[in-house]
Amino acid sequence: MALPKLNDAPKYSVQVPSLQKTIRFRPFLVKEEKVLLLAMESENTDDILLAILDTVQACIADDVDVKKLTTYDVEYLFTQIRAKSVGETTKVGVNCQSCNEANEVVINIDSIEVKGLEGIEYSIQLSPDMQLQLSHPAYYTLFEDDDVKTDDPIESIFAMVRLSLDKLKTEDESKENLDEFVGSMNTDQFQQVREFVENMPAMQYDVEFDCVCGHHNKHELRGIQSFF
């Protein structure tokens, strides 16, 4: 005799930041939490990225191709799913700007926002007759592209620039050709694309706290690694 399934999971609504589209999701279950915990314990970046992506895919109730969502989409959706699964507050350690002492700060996850969505310029005029279209890379590319995950900040930013190229299409879009195209840019052209990458929207939360040393701190938390 088959065992009954427990808990008819409730559905919640959330807006996907880049799409400005409302979708439904459910909290994650024990089986998904187990995968997440094992990935966190492994401290393997690929395992963690994939576990987050798989959790979002499993918990979304609507037809959405998670592999096409941006980094900030997936991170925000995961944060909202986690809030409804294990609690709407989280504790993080933030170092004092004066004495560097770690302070425990409680964050209301519902108050975390994706900032930087307004006024994004997705096209750059490289020359009078050449325009480059840009897009924010999908979260899945962080799992696929080893150059993004490198500890070398220069290589990482070049990889992110390459992945942000959307339209100036050629028949051969190999990694080598794209790298060659990026390398052929002058300093001003590359700086425009780099600013697009570095100003990518991200989850952000401003915290204030008083350290035991007496210093009043104002600190900006940015990106999913700051919250968990």
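If the condition is being at pLDDT below 90, among the acidic types (Asp, Glu) and open to solvent by 70 Å² or more (accessible area, probe 1.4 Å), then the stretch 7-55 contributes ASP8, GLU41, GLU43, ASP47.
With respect to the conditions (1) of a type outside the set (A, V, I, L, M); (2) at pLDDT 95 or above; (3) surrounded by fewer than 19 Cβ atoms within 10 Å (Cβ to Cβ), ASP73 lacks only one, and its number is (3). Among the residues of the stretch 86-95, those that are of a type outside the set (D, E, K, R) and not in a helix (DSSP H, G or I) comprise GLY87, THR89, THR90, VAL92, GLY93, VAL94, ASN95.
Given LYS91, LYS84, which one is open to solvent by 20 Å² or more (accessible area, probe 1.4 Å), in contact with an Asp or Glu (Cβ under 7 Å, 6 or more places away or on another chain) and either at pLDDT 90 or above or more than 30 Å from VAL193 (Cα to Cα) (or both)?
Just a single option satisfies the conditions, and that option is LYS91.
For the stretch 27-85, give me the residue count where each residue is among the small types (Gly, Ala, Ser), in contact (Cβ under 8 Å) with a residue 40 or more places away in the chain and part of a helix (DSSP H, G or I). Selection size over the stretch 27-85: 1. Can you confirm whether the stretch 184-195 contains a residue that is over 30 Å from ASP47 (Cα atoms), among the hydrophobic types (A, V, I, L, M, F, W, C) and either buried (at least 19 other Cβ atoms within 10 Å of the Cβ) or modelled with pLDDT under 85 (or both)? Within the stretch 184-195 (the criterion being over 30 Å from ASP47 (Cα atoms), among the hydrophobic types (A, V, I, L, M, F, W, C) and either buried (at least 19 other Cβ atoms within 10 Å of the Cβ) or modelled with pLDDT under 85 (or both)), the answer is no, since none of the residues qualifies. Out of the stretch 196-213, which residues are open to solvent by 50 Å² or more (accessible area, probe 1.4 Å), touching a residue at least 60 places away in the same chain (Cβ under 8 Å) and over 24 Å from ILE52 (Cβ atoms)? VAL212, CYS213 - these are the residues of the stretch 196-213 that are open to solvent by 50 Å² or more (accessible area, probe 1.4 Å), touching a residue at least 60 places away in the same chain (Cβ under 8 Å) and over 24 Å from ILE52 (Cβ atoms). With respect to ASP166, is the statement that it is open to solvent by 30 Å² or more (accessible area, probe 1.4 Å), at pLDDT below 80, within 23 Å of GLY116 (Cβ to Cβ) and among the acidic types (Asp, Glu) true? Answer is yes for this residue.
For the stretch 157-165, indicate whether the set of residues that are of a type in the set (Val, Ile, Thr), touching a residue at least 24 places away in the same chain (Cβ under 8 Å), outside any helix (DSSP H, G or I) and out of contact with any His (no Cβ under 6 Å at 6 or more places or on another chain) is non-empty. Among the residues of the stretch 157-165, not one is of a type in the set (Val, Ile, Thr), touching a residue at least 24 places away in the same chain (Cβ under 8 Å), outside any helix (DSSP H, G or I) and out of contact with any His (no Cβ under 6 Å at 6 or more places or on another chain), which makes the answer no. One residue stands out among those in the stretch 133-156 that are touching a Ser or Thr at 6+ places or on another chain (Cβ under 9 Å) and without any contact (Cβ under 8 Å) to a residue 12 or more places away in the chain: the one that is most open to solvent (accessible area, probe 1.4 Å), which is THR150.
Looking across the stretch 103-127, the residues that are assigned to a loop (DSSP other than H, G, I, E, B), in contact with a strand residue (DSSP E or B) (Cβ under 9 Å, 6 or more places away or on another chain) and under 17 Å from GLU75 (Cβ atoms) come down to ILE112, GLY116.
The values are calculated or read from the model by the stated rules, or taken from the named source; none is laboratory data. Remember, it's a predicted structure, so these values are computed and weren't measured experimentally. In this analysis, Cβ positions are derived from the backbone assuming ideal geometry, glycine residues included, and neighbour counts consider all displayed protein chains. Accessible surface areas use protein heavy atoms only, side chains included; no ligands, DNA or RNA. Shrake-Rupley method; radii C 1.70, N 1.55, O 1.52, S 1.80 Å.
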